[in-house]
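Below is one structure; the comments refer to it alone.
The values are calculated or read from the model by the stated rules, or taken from the named source; none is laboratory data. Just so we're clear, the structure is a prediction, and the values are computed from it rather than from any experiment. All Cβ positions, glycine included, derive from the backbone under ideal geometry; neighbour counts span all protein chains shown.
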Amino acid sequence: MALGKPLELAAYAKTARSTDRFAAVEQRVDQLRFGLFGEVGGLLAALKKVSRDDLLETDTQVAAEEIGDALWYLFAIADALNVSVDALGTSCLRTLRVRLNECDRATPAPLTFRQIDGLVAVHPRCEAERNLLLGELAKTSGELVHSSLTPAEDQSSPECQALSNLLALMALVSSTFRLPLEHIAEANLKKIIGRWPGKDPVYTDLFDNGFLPHEQIPRELQIRFIERGDPKTGYVVQSLRDVYIGDRLTDNSHEQDDYRFHDVFHLAYAAHLGWSPVIRALLKVKRKSRQEIDEREDGARAMIIEEGIATWIFNHAKIREHYEGIAVGKLDYSLLKQVHSMVRGYEVEKCPLWQWEKAILEGFSVFRELRKVEHRGGTVKVDMINHTLQFEPPPKATS
């Protein structure tokens, strides 16, 4: 099988640097090395759970993601300590040659993950060695936490050697799972770009592009949320162009939590994901012209999944001040990952995690406005072209 262009260590480091949320954090190095140690510990814990609980997820699947996350932290630490990528890679190869009883030799630039994998592949590590190597990886990452680290004055510094030892161990551990480190690094790049896309993110194409207008979610919507009765016993109705749509909504709970306004979350999904089977059904714009799309993407099961996601996220947010004060890029990664797994097999799976985060945070931003005592409703404006969700107070609030 023909191989693509090798992934250079410098290219990986550049992308990792662009997604470093610790760059402006006080005690950056400490936070990063704690993160590295945590990821190595997470690898051990995840492997234990797979074995103990007979999970469907394999050791290899677990290892690929956890090692990838640890790799990101390692390169971020190198950047924070001024350890050059060339020095890191060269020292890693030298360390591996010593361990594998090979003579040292010059390595042609640019340094790539494939060069590291190629060296390890000549001396493959077997599964029986895995636990010993995992123990050594944990020990070495723990030593990094306890070490006194300062920016490297030269590329033969203890800091460079410590990081290169860890990189070598990651390559050896990966080989026990028959995973090339290059593949792990590539998957990690895809993951971090999907989570933190940079300054100019590109949205996924709208899923109903190419369908007739009557089978498209309107690109601009203004839905008015009207509360009738008092906050404790009342309900919410919605109108579009002064026509009431959907059913009256209550909190459906023993406690008053304003879930009656939750349709704003479906509007947020439409704005930022171009997806909402619930809104399609509400506005009667299902894609009937294609039976498989109508049944699988716009049908009852898809609607149940969307409602389930909205409810699950709401319960998560309710004990976190409805995400007030959480900036873009800071929403719980495990939450986003779980949501993404819940839509696996549906068209919206194509949307990266950052789009989900935008939808969730903006949806809750408007939700908080809708539920304010001085508002108790308002108009929500959806723009699917520019991917925005805006709130307009009800008339009584502006009089």
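Okay, here's what the table says:
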read-out	value
Single condition F367 does not satisfy, out of (1) in contact with an Asp or Glu (Cβ under 8 Å, 6 or more places away or on another chain); (2) crowded, with 17+ Cβ neighbours inside 10 Å; (3) over 18 Å from L273 (Cβ atoms); (4) not acidic (D, E)	(3)
Residues of segment 141-161 satisfying the condition of being closer than 18 Å to D69 by Cα and of a type outside the set (S, T, N, Q)	G142, L144, V145
Hits in segment 222-233 - residues which are in a loop (DSSP other than H, G, I, E, B) and either touching a helix residue (DSSP H, G or I) at 6+ places or on another chain (Cβ under 7 Å) or touching a residue at least 24 places away in the same chain (Cβ under 8 Å) (or both)	P231, K232
Test: residue in segment 130-153 that is aliphatic (A, V, I, L, M), assigned to a loop (DSSP other than H, G, I, E, B), loosely packed, with under 14 Cβ neighbours inside 10 Å and not assigned by TED's automatic domain parsing to the domain that holds H266	no
Test: residue in segment 250-260 that is under 25 Å from E357 (Cβ atoms), under 25 Å from the mean Cα position of the chain (by Cα) and not in a strand (DSSP E or B)	no
D263 being touching a strand residue (DSSP E or B) at 6+ places or on another chain (Cβ under 7 Å) and either of a type in the set (G, A, S) or assigned by TED's automatic domain parsing to the domain that holds Q390 (or both)	yes
Criterion (under 22 Å from K381 (Cα atoms) and of a type in the set (D, E, K, R)) met by exactly one of D242, D251, D200, D257	D242
Yes/no for D20 being modelled with pLDDT under 90, of a type in the set (D, E), closer than 21 Å to L88 by Cβ and touching a helix residue (DSSP H, G or I) at 6+ places or on another chain (Cβ under 9 Å)	yes
Test: residue in segment 328-340 that is under 17 Å from E215 (Cβ atoms), surrounded by fewer than 18 Cβ atoms within 10 Å (Cβ to Cβ) and small (G, A, S)	no
Residue list for segment 282-292, restricted to those being touching a helix residue (DSSP H, G or I) at 6+ places or on another chain (Cβ under 9 Å) and in a helix (DSSP H, G or I)	L282
Residue pairs meeting the criteria (Cβ under 7 Å; at least 6 apart or on separate chains; first within 13 Å of A168 (Cβ to Cβ), in segment 91-106; second modelled with pLDDT of 95 or more and polar (S, T, N, Q))	S91/S164; C92/S164; L93/Q115; T95/S164; T95/N165
Where a residue in segment 315-328 is acidic (D, E) and its partner, wherever it lies, is part of a helix (DSSP H, G or I), with Cβ under 8 Å and at least six apart	E324/F364; E324/R368
Condition met for I192 (surrounded by 14 or more Cβ atoms within 10 Å (Cβ to Cβ), of a type in the set (V, I, T) and under 30 Å from Y259 (Cα atoms))	no
Residue satisfying all of: in segment 134-152; within 30 Å of the chain's Cα centre (by Cα) and small (G, A, S); farthest from F37 (Cα to Cα) among these	G135
Residue pairs meeting the criteria (Cβ under 9 Å; at least 6 apart or on separate chains; first polar (S, T, N, Q), in segment 248-259; second in a helix (DSSP H, G or I))	T250/Y259; T250/R260; N252/Y259; N252/R260; S253/Y259
Looking only at segment 351-372, and only at residues there that are touching a residue at least 40 places away in the same chain (Cβ under 8 Å) and not in a helix (DSSP H, G or I), the one that is farthest from the chain's Cα centre (by Cα)	R371
Hey, A168 within 28 Å of the chain's Cα centre (by Cα), surrounded by fewer than 19 Cβ atoms within 10 Å (Cβ to Cβ), at pLDDT 95 or above and among the small types (G, A, S) or not	no
Test result for A64, buried (at least 19 other Cβ atoms within 10 Å of the Cβ), touching a residue at least 60 places away in the same chain (Cβ under 8 Å) and not β-branched (V, I, T)	no
Per-region count, segment 207-221, residues in a loop (DSSP other than H, G, I, E, B) and over 14 Å from A268 (Cα atoms)	7
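Each row is one residue, and each column tells you yes or no for (1) in a loop (DSSP other than H, G, I, E, B); (2) acidic (D, E).
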{"position": "G246", "(1), (2)": "no, no"}
{"position": "Y269", "(1), (2)": "no, no"}
{"position": "R280", "(1), (2)": "no, no"}
{"position": "D294", "(1), (2)": "no, yes"}
{"position": "I326", "(1), (2)": "yes, no"}
{"position": "H340", "(1), (2)": "no, no"}
{"position": "R344", "(1), (2)": "yes, no"}
{"position": "E349", "(1), (2)": "no, yes"}
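Let's see how each residue does on (1) closer than 23 Å to E357 by Cβ; (2) modelled with pLDDT of 95 or more; (3) buried (at least 16 other Cβ atoms within 10 Å of the Cβ):
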| position | (1), (2), (3) |
| --- | --- |
| Q216 | no, yes, yes |
| H262 | yes, yes, yes |
| G274 | yes, yes, yes |
| I279 | yes, yes, yes |
| K284 | no, yes, no |
| I293 | no, yes, yes |
| E307 | yes, yes, no |
